[in-house]
Every structure is written in C-alpha cells, then in structure tokens.
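What follows is a single structure, written as structure tokens, with notes after it.
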C-alpha cells in the first residue's frame, strides 16, 4: 500500500478547512493501491472547487496532480486528445492553441484539472452554444471501488458515464479521458464590452447574445441598488481569424491576507464605481487572446487571499428564464443588505439541461457572488438558498459550502437515479466527501 501524509485541506474559498491523510500516486497502479487504505477515499485534483467538495475529513484523499501525462492527440475530422485526469486545462490550452485547436468548454480558471472538470461537468461563457464539459468527453477511464478500471462511454455505459460526469467524485477515481476538440482559426477572440445600466437591460443583452455571439459573460456591481440594481459590464466575444502573441507573463501574487477594511462597503463601492466607469459610454471592442479572455483571474495567483484569513464562500445559482428577473433581483437585494460586500459578481446565460445526473445547468441565468466569511455569512447563504428554491432554481455544487440536504434534494430531481448508479458502482460506500455527507447523498 502507498504511504500517506496528513496535510491541511481547503477549497478555493479557504473555508472550511480540515486535515486528512493524502496519497500522491504517479501511476495508475499506485492509484489502485490506494484502495487498500482503511476508510473512505476521495480523488482531489487542483482543489479549485470552492467549499468542502474536495475534502474528506473522515477518510483519505488521493491527489491526482501527478497523473498528468498527455497520452495521444488525433487530428482530422474528429480531433481527440487523450490525457490523464490530473493535467490542468490551462496546460492543455497552451498545447492546443498553437496547433489550431482548443477545449470546447472550460470554466473561468485554467488551473482546474480534467478530472475536476468532468466531476463537476463544468460550464463556461459559451454554454448556449457549446453546452457543458461532459458533452465533449468521448470516454472516461474510471478506477472503481472493486479495483477494476472501467472505460465508460455515453453509448456503451450511459448510466455509469452520466453518473460520473457531474458526479462530484463519488463514482470512483477518474484516471484518464478522451476529449473532443474544437478547431480554431486563430488564438484570439473579438471582444465587445458595454455598460448595462440595470438588471432588465443586462438580461436583454444576454438574451440577444444567445443568438449573436458564441461567448457572453457579465460583471455585476453587486452593491448597486434601487433603479441601478444589476448594473454592470456585458462582454460578448466570437472566435477571430487572427492570432496574437501568446504572452507568458509572470503572474502577479497576493503576498498576504488583506485586512477586513479592504472589503468594507465603502472600499468595495469605490472599486465597483471605478470598474464600471472604465468602459466608455459608447462601449469598446478589440482583439484579446483566448486564454486572457477565458481566464482573467489566473493572472493574479492566490487571488483568494483578497478575502483575508477567514476566507470566503461563493454562491452560484441558476434561475430559470421565466423567473429570471424577479429571482436575480431578489438574490442581489439580499446580498446587498448584508454587512459583507461582494466585488466579484458574475452573470451568465445557460442553455440546455446538463446530461449528467447531478449536472448543474438548466435553461436560465446563473449568478455567482463571492461572500467574505463573516458571522452573518451562514444566515445570508440560507436566505439565498431559500430565494433560489422559491424561483425554481438550483445551486452549483462546485461552489457550494452551505446547501442544506433538503434544498439539495429539491433542486436535483435525478438524485435518486444518481444514488442508484453510485450504489451499483460502489456498494460499500468507499468514495465519499464532506460535501456528500452534508448533503445526505449516501
């Protein structure tokens, strides 16, 4: 059996924290040897989920970062990249773009791993056009609890495949995957930025973008209120025929935890005012590189330290189209009334329902809010959960740290089917996490 080392664990929000024995396999055979450990196991990639999803405080974690080999690249009519699960998405983009390809779907960070992207069925700024990550996965090699490595495909093993896609690591350890690629004419996008004066205008802008642009995303001034609630900056983009020099500038770092005063309402209001007015009234447009557009926050390493030592919770929910304006207005109003101030609030549009049994996307609009950890944060998260439920929405498990088991069951209608699939794959419950136990999944 491999040796383990007890290490501190946290999500990207730096809350909650725990300690657990960790294994660090470098080969598939070593990953299989981890199954000999006592207690429960959980695969952990880059730790870029925000809450307790990649924490297993009552068992062990299997760190997949050294399972990062590139196995094969097939070009032609159906380009396919075969990789191990621990490789980061940003590494793949840097490999692919000079060769005329990119990953069709990626979240807002390139530091996430392939395994984590599959386990959360992540989405990006182009969900209406290209769906979520799992729709572009041709196969998955899964290390099951019984020690078998099973190749899953959507055609031959649909139940196991779609339980693993979005299955938050509970079906086994993802070892490798085949990823379909998107051919691109260059390495840039043509980006348009414009001010949106309020929530109604923002939603109309995003609705228009569904049919006029491949990518769309918005930054919202979460402290704006009254007639200005929901104001922000709408970005729309399409792939360009042109290419730009792909700079490899050294990333900036946050050298220390910022004091609470930096996140006071006056300080964040001042930042938001400046960020909103940096875009001219007439808007602006131009070329930017694909990595810079997809991963803007990756330019600042350890940006999660901006929230200070207590960390932060990110809340992300999708509200269906029919209830979008009232639901999003209620969420923003509730967050605005709190003592904490969110300067990172993101609004996107989502298309078709995700195919994974626990996939997050459903048609509508998704709002993400960063909430610094304070005494009142748990009560605010409970209020945001209630608003989401009242409007027929759902909370994203990759960002979750506080969702109730009751709320989770109401939001995810295919939960019973997921439980049945997981039980068939792992009847003794070897794979688990703090999040899974909190949500009562197993």
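What the pair-distance distribution of the stretch 188-409 shows, using all Cα-Cα distances binned every 5 Å from zero, is 1, 7, 13, 18, 19, 18, 14, 7, 2, 0, 0 percent. To the nearest ten degrees, helix 377-390 and the longest principal axis of the Cα atoms of the chain are 90 degrees apart.
Based on Cα atoms of the stretch 349-442, Rg over Rh with Rh as the Kirkwood radius reads 0.98. In the stretch 70-184, the alpha-carbon atoms span a convex hull of 101 Å³ per residue. Shown is the FRET efficiency for residue 277 and residue 3, computed with R0 = 56 Å from the Cβ-Cβ distance and rounded to the nearest 0.05: 0.50.
To the nearest whole percent, what portion of all C-alpha pairs in the stretch 294-375 is separated by more than 23 angstrom? Taking all Cα-Cα pairs of the stretch 294-375, the fraction more than 23 Å apart is 33 percent. Geometric descriptor of the chain, per residue, is 136 Å³ (volume of the convex hull of the Cα atoms). The calculated FRET efficiency for the pair residue 138 and residue 204, based on their C-beta separation and a Förster distance of 56 Å, comes to about 0.90.
Given bins 10 angstrom wide, list per bin the percent of all Cα-Cα distances in the stretch 1-88, short to long. Reading the bins upward from 0: 17, 42, 27, 11, 3. Against the chain, whose longest principal axis comes from its Cα atoms, helix 324-337 is set at around 80 degrees. Distance between the 7 Å Cα→Cβ label points at residue 437 and residue 214: 4.4 nm. With the simple spin-label model, which puts each label point 7 Å out from Cα in the Cβ direction, the residue 376 to residue 246 separation comes to 4.6 nm. With neighbours defined as other Cβ atoms within 10 Å of a residue's Cβ, the residues 298, 141 order from fewest to most as 298, 141. Measuring r between the beta carbons of residue 153 and residue 405 and using R0 = 35 Å, the FRET efficiency lands at 0.65. Using the rule -39500 (n - 2.57) for each DSSP H run of four or more residues, divided by the residues of the chain, the 222 nm mean residue ellipticity is -7000 deg cm²/dmol.
Read-outs throughout are calculated quantities, based only on the coordinates presented, and are distinct from any laboratory measurement. Model, not experiment: these values are computed from the prediction. Positions of Cβ are backbone-derived with ideal geometry, glycine not excepted, and every protein chain shown enters the neighbour counts.
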